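Okay, structure first, notes after.
The values are calculated or read from the model by the stated rules, or taken from the named source; none is laboratory data. Note that the structure is predicted; figures quoted are calculated from it, not measured. Using ideal geometry, Cβ is built from the backbone for each residue, glycine included, and neighbour counts are taken over all protein chains shown.
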Amino acid sequence: MCEKRPSVSGDVQLQILLATYNSSRYLREQLDSILAQDCRDFELLIRDGGSDDDTVGIIGEYQRKYPETIRFLGQFSAKAPENFAALLAASTAPLIMFSDHDDVWKPEKVRVTLKKYRELEAEYGSGTPIMVFTDSEVVDSELNLISHSMFRYQNLDVHALTLNRLIVQNVPSGNTMLVNRALVELASPVPSAAVMHDHWLTLVAAAMGKFGYLAEPTVSYRQHSDNFYGAANYSIPAFLHKLSFGREKIRRRFQQNIDQAVEFGRRYAESLDKKNREMLEDLKSFQTLGFWGRRKLIWKHGMWKSGVLRNIGTFLFI
């Protein structure tokens, strides 16, 4: 797969989906890192969410330079979740990866992730929904290293990949994922209730597919003030900072996860085991439950986040 170059007019085995929005500050570095992959058999699909800076101009510049690799789907008024959902709907390749607009990819990212996927494909078959995800390193806006491991930085358990855990806390990051067509078709269309495309895909993989994990970082995740969702360091100061947002904001964010789960249950109830069906049915009444009712439901279904501090925050504020 890595020996040939793709053509936008022909079949490709891998498409990388990149959603942009006012991305001009970092976009060139990200595009350069994707185009510098040591495995170049892919097509890069880009869709803009309505930028008013030079983002579209930069995309045009790179598209003219790499017409055999880059396809621009156009500019639309869309937030990040909608933009990625539209890209996913437009994709056709057997394998899909996702790119944020402000990261930097390691040169071997495509190759090593694809190698891991092929191992799982050989074991389970291409008809099985499969997701591979990796670690990433955390850097600041100027690419200075903050942490060698996103999962250690955030204190996330990479083995907490059951549906009950993932409902309240996503673990795999979209910018490190590779998913196959079987997973894309099962998860499509991504609903408006989805918190993000990657969270929705992860729920589908947890309930009806398989995961593969690579501990090595394949992405430099750029932490800056404009991140749609930032990487929160797991610490008491960070915990207190989050609490400063206020109870209502924390509850709204948690309710987004619940709304997504309810939609998930509505769509896939027939395909789920009894335990998961019961959990998702119970979640329909979450918003109307009282203080102790909500906590009893979380306890009943083991819907825990990684880390004691996070679970304390949940019990105090939701």
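Checking the stretch 162-175 against the condition returns a match, with at least one residue being within 26 Å of residue 12 (Cα to Cα) and part of a helix (DSSP H, G or I). Mind checking which residues of the stretch 122-155 are in a loop (DSSP other than H, G, I, E, B) and within 15 Å of residue 216 (Cα to Cα)? Those that are in a loop (DSSP other than H, G, I, E, B) and within 15 Å of residue 216 (Cα to Cα): 148, 149. Looking across the stretch 81-120 at every residue that is in contact with a Pro (Cβ under 9 Å, 6 or more places away or on another chain) and assigned to a helix (DSSP H, G or I), the one that is surrounded by the fewest Cβ atoms within 10 Å (Cβ to Cβ) is identified as 89. From the list 132, 190, 179, the one residue that fits, being under 23 Å from residue 257 (Cα atoms), touching a Gly at 6+ places or on another chain (Cβ under 6 Å) and either modelled with pLDDT of 95 or more or among the hydrophobic types (A, V, I, L, M, F, W, C) (or both), is 132. In the stretch 197-207, the count of residues that are of a type in the set (A, V, I, L, M) and part of a loop (DSSP other than H, G, I, E, B) is zero. When the residues of the stretch 121-138 are narrowed to those that are among the hydrophobic types (A, V, I, L, M, F, W, C) and surrounded by 20 or more Cβ atoms within 10 Å (Cβ to Cβ), which ends up nearest to residue 58 (Cα to Cα)? So, considering only residues that are among the hydrophobic types (A, V, I, L, M, F, W, C) and surrounded by 20 or more Cβ atoms within 10 Å (Cβ to Cβ), the one nearest to residue 58 (Cα to Cα) is 138.
Say whether the condition of being of a type in the set (S, T, N, Q), loosely packed, with under 12 Cβ neighbours inside 10 Å and free of Cβ contacts under 8 Å to residues at least 60 places away in the same chain is met by at least one residue in the stretch 244-258. Yes; the residues of the stretch 244-258 include at least one that is of a type in the set (S, T, N, Q), loosely packed, with under 12 Cβ neighbours inside 10 Å and free of Cβ contacts under 8 Å to residues at least 60 places away in the same chain. Of all residue pairs spaced 6 or more apart or on separate chains, those with beta-carbon atoms under 8 Å, a first member in the stretch 277-306 that is farther than 21 Å from residue 160 by Cβ and a second member that is in a helix (DSSP H, G or I) and among the β-branched types (Val, Ile, Thr) are 284/262; 287/258.
Here is the figure for the stretch 283-297: residues that are in contact with a helix residue (DSSP H, G or I) (Cβ under 7 Å, 6 or more places away or on another chain), part of a helix (DSSP H, G or I) and either of a type in the set (S, T, N, Q) or surrounded by fewer than 18 Cβ atoms within 10 Å (Cβ to Cβ) (or both) total 3. Suppose the filter is closer than 30 Å to residue 142 by Cα, assigned to a helix (DSSP H, G or I), at pLDDT below 95 and not assigned by TED's automatic domain parsing to the domain that holds residue 168; does residue 252 pass it? Spelling it out, it is not the case that residue 252 is closer than 30 Å to residue 142 by Cα, assigned to a helix (DSSP H, G or I), at pLDDT below 95 and not assigned by TED's automatic domain parsing to the domain that holds residue 168. Between 218, 202, the distinction of being farther than 19 Å from residue 81 by Cβ and at pLDDT 95 or above belongs to 218 only. Taken over the stretch 31-76, the criterion of being of a type in the set (D, E, K, R), surrounded by 17 or more Cβ atoms within 10 Å (Cβ to Cβ) and within 13 Å of residue 99 (Cβ to Cβ) is satisfied by 43, 47.
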